[in-house]
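Here's the structure, in structure tokens; my notes come after.
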Amino acid sequence: MSSECKDGALLTSDLDYELPEDLVARYPVSERDDSRLLVIHRATQQWEHGRFRDLPDWLHAGDCLVLNRTRVRPARTFGKRASGGRVELLWLRREGPVWSALARPAGRLKPGERIELEGGLAISVVERAHDGLVKCTVPDGVDLEAWLDGHGHMPIPPYLGRDDEPSDRERYQTVFARESGAVAAPTAGLHFTPRVFETLSARGVGTRELLLHVGPGTFRPVTSERVTDHKLDPEWYHIPESSWRALQETREGGGRVVAVGTTVVRSLECAARTVPPLLSGWSDLLISPPFDFGQVDALVTNFHLPRSSLLALVAAFAGLDLVREAYRAAVRERYRFYSYGDAMLIL
């Protein structure tokens, strides 16, 4: 059973679990849909094992999958200060005439300082903010997005324990990624293939898309004693009106809305918190037990890090005790964990 604070809030320590180091998937499987799938049935508190290519077997005609079409930007760059010191910049987003980026190390960077990036681009620091965030300018006429496509590194997660490789350009990206802006992949979508989509369509399962640009906060562990004291970094989302209407019609017709990933859950549940629904905006919604889900009926997700906001969301959706038991079973069965790992389907 879970331990709780006196006020009933969930403790971050409840999101801890033991994971052998060799179960961290540092590379993807050769075929995307060959990953394993742990199917959890909330109604019976039971689970079963399968392969991701067989996902359609657990869905029905009239159900609708919701996908996050964000595309990961090759946003990691390395450069040299005038002093000779090295610096790493993770480019987040454009804000008018400047770009915001996470710098490492950031403490000694000063406004006005120039940094020569690998690839020959010189950028200037305009402002140093909190938590390693800096604002920079690029030379007039330079399209930074295009420059990063040619010179940037894919921002694979630090827990992979390796540098990015050419294959990550394709594999750390969903097959339906379209709009550049994320610095982390919506990893539940990495398992999908055209073959899976064809089978889903043949069985009458629909698909809809939305957009949430995943930010670096997705990897930030929860360090507060209570999960609810954790602050999520805001992330931009947009839900097309046509998708929102279709999802409401799905549920009214008896079908299930199946969220592909925690980013989809947070987008849909954030939008529904206002009347009328806010279909575009910045989401910092933290979902942890207890939470009243009003828009999502089933969830496809990967296995997440201990003490993470992502694991808190899954625990809220499936129940903390069931999730902890399922994770222990996944460890026993030697499932592969994290971004390039296996998947879960929670019904």
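Just flag the chymotrypsin sites (Phe, Trp or Tyr not before Pro) in the range 82-150 sitting in loop per DSSP whose Cβ has no more than 10 other Cβ atoms within 10 Å.
Values: sites: 91, 99, 147; in loops: none.
Counting only loop positions with at most 10 other Cβ atoms within 10 Å, none of the chymotrypsin sites (Phe, Trp or Tyr not before Pro) in the range 82-150 qualifies.
Among 229, 297, 34, determine the one that fluctuates most according to a GNM of the chain built with springs between C-alpha atoms less than 10 Å apart.
Maximum among the listed residues: 229.
By how many nm would the segment from residue 93 to residue 328 grow when fully extended, if each residue of separation counts as 0.36 nm and the alpha-carbon distance is taken off?
Numbers: separation 235, 0.36 × 235 = 84.60 nm, distance 3.83 nm.
Result: 80.8 nm gained on full extension.
With angles folded into 0 to 90 degrees, how steeply does helix 241-252 sit against the dominant principal axis of the chain? Use alpha carbons for both and round to 10.
20 degrees
Helix 309-318: angle to the longest alpha-carbon principal axis of the chain, degrees 0 to 90, nearest 10?
10 degrees
Around residue 92, which amide H atoms from residues at least 5 apart in sequence, or from another chain, sit under 5 Å from its own amide H, with H modelled in the peptide plane?
100, 101, 102
Round to the nearest 0.05 the FRET efficiency obtained for residue 228 and residue 82 when R0 = 45 Å and r is the Cβ-Cβ distance. Can you show the working numbers first?
On the way: r = 45 Å, r/R0 = 0.99.
Efficiency, from the Cβ-Cβ distance: 0.50.
With all pairs of different alpha carbon atoms counted, what Kirkwood hydrodynamic radius in Å does the range 76-153 show? Don't skip to the answer; put the middle values down first.
Numbers: mean 1/r = 0.0816 Å⁻¹.
Across the range 76-153, the inverse of the average 1/r is 12.3 Å.
Which of the peptides 138-144, 118-124, 338-344 is most tightly packed, and how do the rest follow, going by the mean number of other Cβ atoms within 10 Å of each residue?
338-344, 118-124, 138-144
For the range 22-27, in order, what is each residue's ³J(HN,Hα) by Karplus, 6.51 cos²θ - 1.76 cosθ + 1.60 with θ = phi - 60°, in whole Hz (x at glycine and Pro)?
Result, rounded to whole Hz: 6, 8, 6, 7, 8, 9.
What does the convex hull of the Cα atoms of the range 239-287 come to per residue, in Å³, rounded to a whole number? Could the numbers behind the result be given before it?
Working: hull volume 4.0 nm³, N = 49.
Enclosed volume per residue, from the Cα hull, is 82 Å³.
Once Lys and Arg get +1 and Asp and Glu get -1 on their Cβ, which of 323, 298, 253 lies farthest toward the positive end of the dipole of the range 244-337?
Farthest towards the positive pole: 323.
Given points 7 Å out from each Cα along the Cα-Cβ axis, report the residue 26 to residue 162 separation in nanometres with one decimal.
0.6 nm
Tell me, in nm to one decimal, what length is gained between residue 19 and residue 34 on full extension, where the rule is 0.36 nm per residue of separation less the Cα-Cα distance?
3.2 nm
Based on DSSP H runs of at least 4 residues, each adding -39500 (n - 2.57), what is the mean residue ellipticity at 222 nm of the chain after dividing by all its residues, to the nearest 500 deg cm²/dmol?
That comes out to -5500 deg cm²/dmol.
If we sort 238-249, 177-188 on the protection proxy, mean other Cβ atoms within 10 Å, highest first, what's the order? Write down the numbers at each step before the final one.
Working: 238-249: 15.8, 177-188: 21.5.
By packing density, highest mean first, the sequence is 177-188, 238-249.
Which one of 191, 41, 130 has the biggest mean-square fluctuation once the chain is modelled by GNM with Cα springs under 10 Å?
Its mean-square fluctuation being the largest, the pick is 130.
Hey, how many Å between the Cα centroid of the range 25-61 and the Cα centroid of the range 311-347?
11 Å
Using alpha carbons only, how many angstrom separate the centre of the range 115-146 from the centre of the range 71-96?
That distance is 7 Å.
Direction-averaged shadow area of the convex hull around the Cα atoms of the chain, nm²?
Over all viewing directions, the chain projects a mean Cα-hull area of 18.6 nm².
With Kirkwood's inverse mean 1/r over C-alpha pairs for Rh, give me the Rg to Rh ratio of the range 205-307, two decimals please. Numbers along the way, then the final one.
Working: Rg = 14.0 Å, Rh = 14.6 Å.
My calculation puts Rg/Rh at 0.96.
Going by alpha carbons, how many degrees (0 to 90, nearest 10) lie between the helix axis of 320-332 and the longest principal axis of the chain?
80 degrees
All of the numbers you see were taken from the coordinates with simple rules; none came from a lab. Small disclaimer: the values here were computed from a predicted structure and weren't measured. When we count neighbours, we look across all protein chains shown, and the Cβ atoms used for this are built from the backbone with ideal geometry, even at glycine.
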